[in-house]
Amino acid sequence: MIPALSVEDLTVKYRNGPGPVTAVREVSLEIQPGEVHGLVGESGSGKTTLALAVMRHLPEQAVITSGSIRVDGQELIGLSPERLRPIWGSQIAMVPQDPLSALNPTLRIGKQLSERFEALSRSDARDKAIELLEMVQIADPARVARSYPHQISGGMQQRVMIAMALSAEPKLLILDEPTTGLDSTTEAVVLDLIRELMRARQTATLYVSHSLGVIAQFADRLTVLYASELVEHGSKMDLFENPLHPYTCGLLDSVPRLGENKREIQLRSIEGRIPSLEDLPSACVFAPRCPVVIDICQETRPALEGAGATRQVRCYRWEETRAGEIDPRQPPAPPPLERPTIAETALQIENLEVRYDQPRSLAEWLRRSPRQSVRAVDNVRLTIRKGETLGLVGESGSGKTSLAQAVVGLVDSARGRVELFGAELPTQIKHRDRETLSRLQMVMQNPDEALNPYLTVGQSLSRPLALLRGIHSEEEVRRLLEGVRLPPEYADRYPAQLSAGEKQRVAIARAFAAMPGLVLLDEPVSSLDVSVQASILNLLNRLQTEHGTSLLFISHDISVVGYLSETVGVLYLGQLMELAPSENLFDPPYHPYTEALLSAIPLLDPKATQERVRLRGGIPSSLEPPSGCPFHTRCPRFIGDICIEQTPPWQEDKTGKRIFCHIPVSDLRREQGQVFAMRKRE
Amino acid sequence: MPRYVLRRLGFLLLTLLLTSSIIFAITQVLPGDVARVILGREAGEAALNSLREELGLNDPLPVQYLRWLGNFVQGDWGESFSTRTEVRPLVQQRLGNSLMLAAVTLGIAVPVGIALGVIAGLNENKWVDSVVNVSALSVVGLPEFVTGILLIEIFAFRLGIFPANSSIRPGTSFVEALPMLILPALTASLVLLGYISRMTRVGVIGEISKPYVRTARLKGLSRWSVTYRHVLRNALMPTITVIAISFGWLISGLIVVENVYNYPGLGRLMLFAIDRRDLPLLQAVAMLAVLAFAFANLAADLFYAYLNPKIRLQ
């Protein structure tokens, strides 16, 4: 059988900068027809370069210096753009990461779908577009075909991209992180669709992803890339059950799995940083971060060795690993200190409401019609005890960021009562005194934008020290750096000289500089690579126990929230749906929305079982939130008019879990099974 | 879309009101007594006063402004101090001339400028790009009287294809005037070409690196389809604004070119009015200049909205 894709010894170099830089180094892989091949790696691993090289659509600075790429037996290297064009149209197709930017904003969806069929008449083209939209299960294909990209939801946009890719009936489909930008409940629906289509069509697929969960659920075989190098390759079961390369082990260990909590499991983060392509280690690229490194690893590049019929590893010590003689895993973080629980309340939020008024048009103003407003946060009530972490999880539009901004005082229109250590907080930050400011600090999602690029790390850290604590001391700056495990010489560096993980450490150090009692963290790890994410989570844990700080941790990732928190709140359309102690979050009874969230997460264990609860449609507009229970329009357990007409009651079960639902807790418990089952790791 | 148009029209009216009051105010603070200008130096105080009363010059300024504006809107633009004739026919005739010249100029500059910009943008940093850039920049840098004299030397004196003097008579039809329009239009085009091509180039470069262009290429579309159907529509949006501003400049700011070729356009009329302190004439020309700018911008906004569904479907 001719493989759908066969890549041999492919090397890709970038010519920018002082000398050529290798982005992909002698990589080989093969995909049989009907097979799904996962390509896993972090940023800088070369996975995107490899995918683009396979499409022969590299940026201009990139050159393929050696190797061969054959699609369905045909060699692509050396083909001119004119010869590639028919191959792009029929042999290979790609679904990119961000569907909105991949669609032309000024052309209708139908036109973009049908323009490849140049021979079709106008009405045939329209029928073709509708047929393609039906294939990807779009309920109202005629309307969507007439729409422009910005008029449809992200999930729909991605379905359109899938339809567009499959309309070529390609021999090889490349999926480049196709669901990374989507909310988890939407992601689950799109992943189901992809799975179904691939099963029906038997299209060979290269699935590029940084998410091990998606790969665990999707791929048949997988290739792990690290810093331009193929480090391990084999069947999904082999790699997930018995990883032989220390990097694969590290990658699998560094992600908190759904249901794990910091009380039971310490994450094993991969120490150090991903090397930049400009100065790759000359021998084994992973040697500087490897726990079982020996002399030869730093001297000679290891060969890709066969470790079974269909398995390859690039490591000198894989046989020892397989025999159990060495442990290639990273050391776990030390368990946090036991700390007496203090009943003191750090943050108390009562009936918090955030509204954003919409501007009125002249006509509306003249008619004196009332202002429309978006209710971003509605009637939220929360308590965080001293030294504890409250996690908030929600999809886009859930109001989680508005809530954080209201607490730190950046929303003028917030209403309700917020108390910090017993003292009421003024709504606006300009009315808060220094002491209040120093007790409440925040860490943002994107450290690139949160740090002033023109200030050195030391300057950034000494600002809050001087302003909020009146300390002018380089000693203290060094102590702060030490606290986030950065060397003292970093005080003189600029943010641009730091990696993303290091920048986030600086941002965290800055937040802790004021010795706050409460730190708000808005998605602090979601822009980071998984191997870095674990070390930040461990760092937060340690700082929290050392200082007795309370954390309000906000994320879209329920695995991470569940791992780090004592209590978890689930937000939907600005309202809390559930408030659960993290040890009970993953067991029934669940709020129906939590149930759907837990069912939507691609699990990291290929043998895991998971119930399939899928939500219809998208999140309703918060301009006109649904009446009664805000979740009723999408609820799979909808019980009737009561959900539409009445605000649900807060119910509490025996374990202290609180659920905002009309269905009695006992009924929920009876009807709901465990949403997912996964083996525990030790 | 209807709401968008209404909003734009509302803004246009506001702009016109504001600029008209500025024009009125400026002509008021200019030194010189209108009555004396009209009656001459020897006129007696009584005659001056009765003329002031007759012209309404003793009324409060806001009243004078509203009266002036009302008259202007109704088509009564007053009588020129210097020619002692109605301002309107004179200005209208010059406006017609300026419009003809603007049409020919844009007819040359827009297609050529866009084509050059697209070619340069598609070949970013290659030699074609450098050639286009360097030549466009050097042409923009040359003052119009230099390029104008050069063009006259070549096309009028050496080759004798087009006349050197473009002083067309009133009532000349467009077809008759066309040979005389070519050289001034070419001169003005050379100024605009640089702006239009550079703007287009930047637009094209900004768009071709966007993911949707990759999508289009990977569909297997030809280079021409990708450029024409996908890139151009999005890349031209900033260029449209530049063209609109150029139109305003062509109507009223073309003083140098009109002088070089002796072309009777609005620019020269404005110069004449300033020279003679002919307030009614100056006000009328200035108002037309503002109108030209405002309507060109409105047209640009509407075209922009037509190309951009995010605005059109608001």
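The values are calculated or read from the model by the stated rules, or taken from the named source; none is laboratory data. Note that this is a predicted model, so its numbers are computed, not measured. Quick reminder, even Gly has a Cβ in these numbers, built from the backbone with ideal geometry, and neighbours come from all protein chains shown.
Could you list, in sequence order, the residues of region A:118-134 that are part of a helix (DSSP H, G or I) and more than 19 Å from A:R616 (Cβ to Cβ)?
Of everything in region A:118-134, those that are part of a helix (DSSP H, G or I) and more than 19 Å from A:R616 (Cβ to Cβ) turn out to be A:R122, A:S123, A:D124, A:A125, A:R126, A:D127, A:K128, A:A129, A:I130, A:E131, A:L132.
Six or more apart or on different chains, Cβ atoms under 9 Å: show the pairs whose first residue is in region A:397-424 and on the phi > 0 side of the Ramachandran plot and hydrophobic (A, V, I, L, M, F, W, C) and whose second is assigned to a helix (DSSP H, G or I) and buried (at least 19 other Cβ atoms within 10 Å of the Cβ).
A:F421/A:R439
If you scan region B:233-251, which residues turn out to be among the aliphatic types (A, V, I, L, M) and either closer than 29 Å to B:G96 by Cβ or buried (at least 21 other Cβ atoms within 10 Å of the Cβ) (or both)?
B:A235, B:L236, B:I240, B:V242, B:I243, B:A244, B:I245, B:L250, B:I251
Let's see how each residue does on (1) in contact (Cβ under 8 Å) with a residue 40 or more places away in the chain; (2) more than 25 Å from A:V561 (Cα to Cα); (3) β-branched (V, I, T):
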site: A:S599; (1), (2), (3): yes, no, no
site: A:D605; (1), (2), (3): yes, no, no
site: A:E611; (1), (2), (3): yes, no, no
site: A:P620; (1), (2), (3): yes, no, no
site: A:G628; (1), (2), (3): no, yes, no
site: A:I639; (1), (2), (3): no, yes, yes
site: A:T647; (1), (2), (3): no, yes, yes
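Suppose the filter is within 12 Å of chain B (Cβ to nearest Cβ) and of a type outside the set (S, T, Y); does A:Q32 pass it?
no
Restricting attention to helices (runs of 4 or more DSSP H) lying wholly within region B:162-261, give those where 2 or more residues are polar (S, T, N, Q), more than 30 Å from A:A102 (Cα to Cα) and touching a residue at least 60 places away in the same chain (Cβ under 8 Å).
B:174-208, B:237-252
Considering only residues that are touching a residue at least 24 places away in the same chain (Cβ under 8 Å) and within 14 Å of chain B (Cβ to nearest Cβ), which ones fall in region A:130-143?
A:L132
Out of curiosity, is A:T179 touching a helix residue (DSSP H, G or I) at 6+ places or on another chain (Cβ under 8 Å), among the polar types (S, T, N, Q) and buried (at least 22 other Cβ atoms within 10 Å of the Cβ)?
For A:T179, the condition - touching a helix residue (DSSP H, G or I) at 6+ places or on another chain (Cβ under 8 Å), among the polar types (S, T, N, Q) and buried (at least 22 other Cβ atoms within 10 Å of the Cβ) - is met.
Restricting region B:195-205 to residues that are more than 14 Å from chain A (Cβ to nearest Cβ) and buried (at least 22 other Cβ atoms within 10 Å of the Cβ), which is farthest from B:I108 (Cα to Cα)?
Ranking the qualifying residues of region B:195-205, first place goes to B:V204.
Got at least one residue in region B:122-130 being among the basic types (K, R), without any contact (Cβ under 8 Å) to a residue 24 or more places away in the chain and within 30 Å of B:K210 (Cβ to Cβ)? Full working, then the answer.
At the first step, the residues of region B:122-130 found to be among the basic types (K, R) are B:126.
Okay, now just the ones that are also without any contact (Cβ under 8 Å) to a residue 24 or more places away in the chain, so B:126.
Pick out the ones that are also within 30 Å of B:K210 (Cβ to Cβ) and you get B:126.
So far as region B:122-130 goes, yes, one or more of its residues are among the basic types (K, R), without any contact (Cβ under 8 Å) to a residue 24 or more places away in the chain and within 30 Å of B:K210 (Cβ to Cβ).
Is it the case that A:L107 is within 14 Å of chain B (Cβ to nearest Cβ) and of a type outside the set (D, E, K, R)?
It is true that A:L107 is within 14 Å of chain B (Cβ to nearest Cβ) and of a type outside the set (D, E, K, R).
If the requirement is being in the same structural domain as A:T203 (by TED's automatic domain parsing), under 25 Å from A:V285 (Cα atoms), in contact (Cβ under 8 Å) with a residue 60 or more places away in the chain and touching a His at 6+ places or on another chain (Cβ under 9 Å), which of these qualifies: A:S43, A:S6?
None of the other options fit; the residue is A:S43.
A:S621 passes all but one of (1) outside any loop (DSSP other than H, G, I, E, B); (2) surrounded by fewer than 17 Cβ atoms within 10 Å (Cβ to Cβ); which number fails?
(1)
Among the residues of region A:119-129, are any loosely packed, with under 15 Cβ neighbours inside 10 Å and facing chain B (nearest Cβ under 9 Å)?
no
Which members of region B:293-309 meet the condition of being over 17 Å from B:H230 (Cα atoms) and part of a loop (DSSP other than H, G, I, E, B)?
none
So which residues in region B:206-237 are of a type in the set (S, T, Y) and facing another protein chain (nearest Cβ under 8 Å), if there are any at all?
Across region B:206-237, the qualifying residues are B:Y212, B:T215, B:S222, B:S225.
For region A:94-118, give me the residue count where each residue is acidic (D, E) and either buried (at least 20 other Cβ atoms within 10 Å of the Cβ) or not assigned by TED's automatic domain parsing to the domain that holds A:G154 (or both).
Going through region A:94-118 one residue at a time, the tally reaches 2.
Given the criteria outside the structural domain of A:L403 (by TED's automatic domain parsing) and of a type in the set (V, I, T), does A:I326 qualify?
For A:I326, the condition - outside the structural domain of A:L403 (by TED's automatic domain parsing) and of a type in the set (V, I, T) - is met.
Give all pairs with beta carbons closer than 9 Å in which a residue from region A:347-363 that is within 14 Å of chain B (Cβ to nearest Cβ) meets a residue that is surrounded by 18 or more Cβ atoms within 10 Å (Cβ to Cβ) and in a strand (DSSP E or B); count only pairs at least 6 apart in sequence or on separate chains.
Within 9 Å, the pairs are A:Q358/A:V374.
Restricting to region A:64-91, and then to whatever is small (G, A, S) and more than 13 Å from chain B (Cβ to nearest Cβ), can you tell me which residue is surrounded by the most Cβ atoms within 10 Å (Cβ to Cβ)? Let's see the steps before the verdict.
Pass one, region A:64-91, residues small (G, A, S): A:66-68, A:73, A:78, A:80, A:89-90.
With the extra rule that they be more than 13 Å from chain B (Cβ to nearest Cβ), the set shrinks to A:66-68, A:73, A:78.
Values: A:S66: 12, A:G67: 17, A:S68: 15, A:G73: 10, A:G78: 10.
Among those that are small (G, A, S) and more than 13 Å from chain B (Cβ to nearest Cβ), it is A:G67.
Out of the residues in region B:280-308 that are within 11 Å of chain A (Cβ to nearest Cβ) and touching a Lys or Arg at 6+ places or on another chain (Cβ under 8 Å), state the one that is surrounded by the fewest Cβ atoms within 10 Å (Cβ to Cβ).
B:Y306
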